[in-house]
There are 2 protein chains.
Amino acid sequence: MTYRAPLKDMQFVMNELAGLESISQLPGYEDATPDTAQAVLEEAAKFNEQVVAPLNRAGDLNPSSWKDGVVTTTPGFSDAFRQFGEGGWQGVLHPSDFGGQGLPKLVATPCNEMLNAANLSFALCPLLTDGAIEALLTAGSDAQKETFLPKLISGEWTGTMNLTEPQAGSDLAAVRTRAEPQGDGTFKVFGTKIFITYGEHDMAENIVHLVLARTPNAPEGVKGISLFIVPKFLLNADGSLGERNDVHCVSIEHKLGIKASPTAVLQFGDHGGAIGTLVGEENRGLEYMFIMMNSARFSVGMQGIAVSERAYQQAVAFAKERVQSRPVDGSAREAVTIIHHPDVKRMLMTMRALIEGARSVAYVAAAASDIAHQHPDEGVRRQNMALYEFLVPVVKGWSTELSIDVTSLGVQVHGGMGFIEETGAAQHYRDARILPIYEGTTAIQANDLIGRKTVRDGGAMARAICAQIAETEAALGKHGGDAFTAVQAQLKQGREALEAVVEFVIGSAKADPNAVFAGSVPYLKLCGIVFSGWQFGRAMLVADAKRAEDPAFYDAKIATAHFFGQHILSQASAFRAAIVGGGAPANALTADQF
Amino acid sequence: MTYRAPLKDMQFVMNELAGLESISQLPGYEDATPDTAQAVLEEAAKFNEQVVAPLNRAGDLNPSSWKDGVVTTTPGFSDAFRQFGEGGWQGVLHPSDFGGQGLPKLVATPCNEMLNAANLSFALCPLLTDGAIEALLTAGSDAQKETFLPKLISGEWTGTMNLTEPQAGSDLAAVRTRAEPQGDGTFKVFGTKIFITYGEHDMAENIVHLVLARTPNAPEGVKGISLFIVPKFLLNADGSLGERNDVHCVSIEHKLGIKASPTAVLQFGDHGGAIGTLVGEENRGLEYMFIMMNSARFSVGMQGIAVSERAYQQAVAFAKERVQSRPVDGSAREAVTIIHHPDVKRMLMTMRALIEGARSVAYVAAAASDIAHQHPDEGVRRQNMALYEFLVPVVKGWSTELSIDVTSLGVQVHGGMGFIEETGAAQHYRDARILPIYEGTTAIQANDLIGRKTVRDGGAMARAICAQIAETEAALGKHGGDAFTAVQAQLKQGREALEAVVEFVIGSAKADPNAVFAGSVPYLKLCGIVFSGWQFGRAMLVADAKRAEDPAFYDAKIATAHFFGQHILSQASAFRAAIVGGGAPANALTADQF
């Protein structure tokens, strides 16, 4: 078994930290009881462990390939994707009206984590399809919903997001693809899109491209972008597949990692124009795209946690098997398995602590999203939506940044064997490297965190979170004991650092934007460690109360929390120094001085 | 030009921080004046920029290949290596008695950096040859020196280090290769060695394998290991190449990076026994191997700096070209080159600051080695040898660990393009990953730093360094001004953290070795940032004094020092918390709890 879903920790976080019980009392989620959720997770684990995970290495060795416009995926992918669709896994969180299971995001999120841990490359196809579904649910016409949603949710068709163009990476203002109205309600789309994940493949009958383009006379910049549906195959009046549309894959990229997932260059309209239909209103494409992006950003954050968990499990397995050197404490005269060496333990604990912390924050964010959608009280909905939106860039940015470190440690635990491709540890390290880049780089997440999420509300949400953290500190102090007071102290200095940084950001964003934005990524990382530390604080209180039920599990949770406090949360004051005092030197050099 | 040697910074460090002027006054180094050194560095730059660097990408695309025991290197490597030998570059620091140039390590080190920055895979062949030369210089008989050194120093032959065996990674006590005396002064060697860099190739006439093996009845463990010379081709009485020896390359590895450098599995003695001769005395092999290892460890540290510099240059070039998004401060209405965005500047400054700090520490260590070898006063020699030996694990461990972060940032600066192999940024990221592993993992360096370098002398050298740092703090305080007092404050907290950690290590190594060794890598990293910060402090004082000569250069140095203080040196207190308070939770879990 190359991957085993960490069901116990998932359930702990889902039930004890993210509050599934109370989510299942929200209107619409009545079916999502902890028991049902457990059954769903167990089924997901079985499918991902047995069907999807074994294809991970195969995908690396035998990536998607392109020939004459046709993309052939890794052997086995197509069949696994059919099973994925038939099992209902694409529809876990989508509405039952269109064939989905209508479960809360809190339940869909561990499923999502398992799928990504099993196979990052494979999981990208459903990930992008989810984004397309979200966008159509929000902005599609009834006819568009009827036509596309059931097929997307069943996994018969898949979806893509077409944003990037050769001249415009993250800068959507520079989009040049154009859409010309044909007078019959359709448009002809012309342009080139790059970096289109699963932009072409052989795993589904049809591909539903969602494409950003400009209509004639649209305003310049991001205010003149509209969103179009451009299916690979046009549809006949009866809904059956018709003519091949004028969108063609002219090449796929040769990448560092996630090699099984085809990254396409798509050419629209080279043979007369690709037929598309407008989604929602003209010139509101960016807004709709952000719906897809927010869903996708959260999911990419989960990818970071997922690949980290996979790398961790592989490192643990190796460390339990590999025999080398005597223990430093003289407790054995023979060489022992390396998991007994303190530095190997430190590396494994670092991996574990980063993963568990990030998982807790992400699942808590998912619960906030559920409350934001289904709570009867509008004020509660609004507050939770603000919390979720604050956390999305943190989940995306922090969980992916840490996946670089965790997968790197995964290689390191293997020593020389880690550098040999056959071992497989290197694949995680290569695969993870895209995560802090796509769906908005960490800097883009961090700028969002500063601009839209911190400055816009004058720091209100940031301060509200800090107030909650202070309550957890008080509870830890009240509990007492070495580990608890140590975490309390680290959490306090972390929260105070965050408060100081928020005041700096609010106070200086206008007067000295260069200094503030030089600190944006450190600010995001500070949020990542302080929020993780907060959840660890909550977790250790629960673990202590439940200890008798399962001492090995709960003791490990408390020790991991303690470790996180000393080894990771302790970095908070360094981030504070970097942000509050590091803006000037970060910006001091002119371009010529580099 | 894919790489341009940073001659200005190299000369600044060599002259102003490492004190070349005084090195050139030592007996034997009279020729190594700053003017001569400059000329040597300029020639090295020309050769590496024009001949070696262009082969870097070619080596990644077209790695060394194995067929029927023969290894064919990347086209161009063989010719470049011939030029390398003819140019005298293998002999820069080796004695003129055997055809070398006899220059100080301080001058050889920047040459070494350039070669590695130009091409990490290519540079490994000379790197291992250097180690073999050092071992033979120290422990070889006169006949062995006469036979092998001139050929190794001229680059006609190359050298290897054969330590690792399949069952014994870093654990040399487990070496099983055996050497049977033949009664004629030779031995027959039998065994399998793995991970042998340039263990087989087509770039030289002969390969001089230095092999660890056990003689019959040798004591168990590391005390029973002897060192043997096993040449690929045996030598005739007249010194000409004779019969092929019974050592054969049975395969090479498929690696994450440094693909051009063949990593061989060598089989000794499958056809009757490989003929070898003993180096030095029986059972002292480990001691001699450490001579090679210390040389190689320092050089691998330089590899970390080198690949980081290369990645930095590529990221800067991209950031100066790539146009995207308007500036956050509203200073332009159009999209600008991304080097104007604060987060891109922060990333480039991080890369730059880590590199310049590590370079300073490494060059200062090289100078200490020179003084340790050539100073007329024995006390001065001894003190400098202790300083050099303290610094070697830091140079190796810290410079290679940071190369992971720097090359990762190099990918990140490129955004999506960074993940595409054709861009080349990903190669550095892959190549760098071996550096914290080979020649002793970071944990092995850190254990050496704790055991042999800190505990053995009761912390004397560590405290002596701290005392010197305090002097630099005082000078910074006396100077005053924002940047200087900021660095002073960060250096002070860093040095105080280091002092506290040293006391903890000394006080607890015996009573609680597991806790101390769980902090060994954090301790090594703490040394890395504090020593770098120390050198930055010294550098900014020099820069200020010389500012008028070249304001752009010296202002950049001061700003980089200031940046290092706020963004990196500020992490010292987190390392202190991890080391002093983090040992217990690091060791808390049993193997089953992972």
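The values are calculated or read from the model by the stated rules, or taken from the named source; none is laboratory data. None of the values given here were measured: they were computed from a predicted structure. Neighbour counts run over all protein chains shown; Cβ positions are idealised from the backbone, glycine included. Areas reflect the complete protein model, heavy atoms only, side chains present, ligands, DNA and RNA absent. Shrake-Rupley method; radii C 1.70, N 1.55, O 1.52, S 1.80 Å.
Scanning the range A:577-589 for residues that are of a type outside the set (Gly, Ala, Ser) and within 8 Å of another protein chain (Cβ to nearest Cβ), which turns out farthest from the chain's Cα centre (by Cα)? Here the answer is A:Leu589. Filtering the range B:126-167 to residues that are of a type in the set (Lys, Arg) and within 12 Å of B:Leu227 (Cβ to Cβ) leaves nothing. Selection of the range B:198-217 for residues being open to solvent by 20 Å² or more (accessible area, probe 1.4 Å) and either in contact with a Lys or Arg (Cβ under 7 Å, 6 or more places away or on another chain) or among the β-branched types (Val, Ile, Thr) (or both) yields only B:Arg214.
Across the range A:318-340, the number of residues qualifying as among the aliphatic types (A, V, I, L, M) and either open to solvent by 30 Å² or more (accessible area, probe 1.4 Å) or more than 12 Å from chain B (Cβ to nearest Cβ) (or both) comes to 4. When you check B:Arg576 against the structure, is it over 23 Å from A:Phe563 (Cβ atoms) and open to solvent by 10 Å² or more (accessible area, probe 1.4 Å), yes or no? Criteria not met by B:Arg576.
Taking (1) over 24 Å from B:Ser295 (Cα atoms); (2) open to solvent by less than 20 Å² (accessible area, probe 1.4 Å); (3) within 13 Å of chain A (Cβ to nearest Cβ) in turn, B:Gln493 satisfies each apart from (2).
For the range B:53-167, which fully contained helices (runs of 4 or more DSSP H) count at least 2 residues that are free of Cβ contacts under 8 Å to residues at least 12 places away in the same chain and open to solvent by 10 Å² or more (accessible area, probe 1.4 Å)?
Ranges flagged: B:142-154.
Looking across the range A:168-197, the residues that are in a strand (DSSP E or B), free of Cβ contacts under 8 Å to residues at least 40 places away in the same chain and either open to solvent by 20 Å² or more (accessible area, probe 1.4 Å) or under 17 Å from A:Gln90 (Cα atoms) (or both) come down to A:Arg178, A:Pro181.
The set of residues in the range B:507-551 that are under 16 Å from B:Val455 (Cβ atoms) and open to solvent by 50 Å² or more (accessible area, probe 1.4 Å) comprises B:Gly507, B:Lys510, B:Ala511, B:Asp512. Residues that are open to solvent by less than 20 Å² (accessible area, probe 1.4 Å) and either over 21 Å from A:Asn116 (Cβ atoms) or among the charged types (D, E, K, R) (or both) within the range A:1-18 comprise just one, A:Asp9. Kindly indicate whether A:Gln571 is open to solvent by 40 Å² or more (accessible area, probe 1.4 Å) and not acidic (Asp, Glu). The answer is yes for A:Gln571.
Criterion applied to A:Glu503, A:Glu499, A:Glu471 was being among the acidic types (Asp, Glu), without any contact (Cβ under 8 Å) to a residue 24 or more places away in the chain, surrounded by fewer than 23 Cβ atoms within 10 Å (Cβ to Cβ) and away from every other protein chain (no Cβ under 12 Å), and the one residue passing it is A:Glu471.
One line per residue, one yes/no per condition, for (1) under 30 Å from A:Glu21 (Cβ atoms); (2) at the interface with chain B (Cβ under 9 Å from one of its Cβ atoms); (3) open to solvent by less than 10 Å² (accessible area, probe 1.4 Å); (4) in contact (Cβ under 8 Å) with a residue 60 or more places away in the chain:
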{"position": "A:Pro342", "(1), (2), (3), (4)": "no, yes, yes, no"}
{"position": "A:Ile355", "(1), (2), (3), (4)": "yes, no, yes, no"}
{"position": "A:Val364", "(1), (2), (3), (4)": "yes, no, no, yes"}
{"position": "A:Ala367", "(1), (2), (3), (4)": "yes, no, yes, yes"}
{"position": "A:Glu378", "(1), (2), (3), (4)": "yes, no, no, no"}
{"position": "A:Lys396", "(1), (2), (3), (4)": "yes, no, yes, yes"}
{"position": "A:Asp405", "(1), (2), (3), (4)": "no, yes, no, no"}
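Checking the structure you have, find out if any residue of the range B:507-520 is away from every other protein chain (no Cβ under 11 Å) and assigned to a helix (DSSP H, G or I). Within the range B:507-520 (the criterion being away from every other protein chain (no Cβ under 11 Å) and assigned to a helix (DSSP H, G or I)), the answer is yes, since at least one residue qualifies. For B:Leu387, indicate whether it is away from chain A (no Cβ under 14 Å) and of a type in the set (A, V, I, L, M, F, W, C). For B:Leu387, the condition - away from chain A (no Cβ under 14 Å) and of a type in the set (A, V, I, L, M, F, W, C) - is met.
In the range B:581-593, how many are surrounded by fewer than 21 Cβ atoms within 10 Å (Cβ to Cβ) and over 11 Å from A:Ala559 (Cβ atoms)?
Here is the first cut: in the range B:581-593, the residues surrounded by fewer than 21 Cβ atoms within 10 Å (Cβ to Cβ) are B:584, B:588-593.
Those still in the list that are over 11 Å from A:Ala559 (Cβ atoms) too: B:591-592.
Of the residues in that region, 2 qualify.
Residue by residue through the range B:277-336, note down the ones that are modelled with pLDDT under 95 and among the hydroxyl-bearing types (Ser, Thr, Tyr). Correct list: B:Tyr288, B:Ser295, B:Ser325, B:Ser331.
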